[in-house]
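> Let me begin by handing over the structure; questions about it come next.
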Amino acid sequence: MDAHRLPLIARVLLPVLFAVGWLAGLVGQWRVGDTTGYMDVYPPLLVLGLFLFALAGAVARVDLPRFGRARAGAAAGVLALVSIVAGYLVLSVILIPDKLADGGGETWFSLLIESWFWIGVPLLLSGTLGLLGWLAAGRLVGHRGPTVL
């Protein structure tokens, strides 16, 4: 079965599931920030984020079949990361603006030293999980051809 021949319910369900998961993460993070006064990310929210990265790759495979390469799944995972970080930043500005002004003990130098980790690891992880979601969706729709990156 090809991706564009999937039932409409399957092609609509994945993006809706992604949107619901994204909003659940936003509400969960808002509750954490509102309750504690800090924007800590708790493990259930991290697991939800990992699931959303893979789901974004699956959405790219099922709903955007013209992007027939596996790198589209990786790009979808990275775009999911970008959307999550953007939502987190908006919440941070709304919920804890006074804590953002002092930097919370971070300096520009310490941020520069740690930037490879705080940027590189999430990009690698989100891209990899997006790729895996893309491949899994390909198996579900019955794509048997070679996967070209």
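Computed from the coordinates by the stated procedures, all read-outs in this text should not be read as laboratory data. None of the values given here were measured: they were computed from a predicted structure. As a convention, Cβ positions derive from the backbone with ideal geometry for all residues, glycine included, and neighbour counts pool all protein chains shown.
> For the stretch 3-140, just list the percent of Cα-Cα distances falling in each 5 Å bin from zero outward, please.
Using 5 Å bins, I get a P(r) of 2, 10, 17, 19, 17, 14, 9, 6, 4, 1, 0 for the stretch 3-140.
> Over the stretch 3-140, what is the relative contact order in whole percent, taking alpha-carbon pairs under 8 Å and six or more residues apart?
With pairs under 8 Å counted, the relative contact order is 36 percent.
> Additional query: Tell me the label-point distance for the pair LEU89, LEU123, using the 7 Å Cα-to-Cβ offset, in nm and rounded to one decimal.
According to this spin-label approximation, the distance is 1.4 nm.
> Further, regarding this structure: Between SER115 and TRP30, what is the FRET efficiency for a Förster distance of 30 Å, r being their Cβ-Cβ separation, to the nearest 0.05?
Once the sixth-power term is evaluated, E becomes 0.70.
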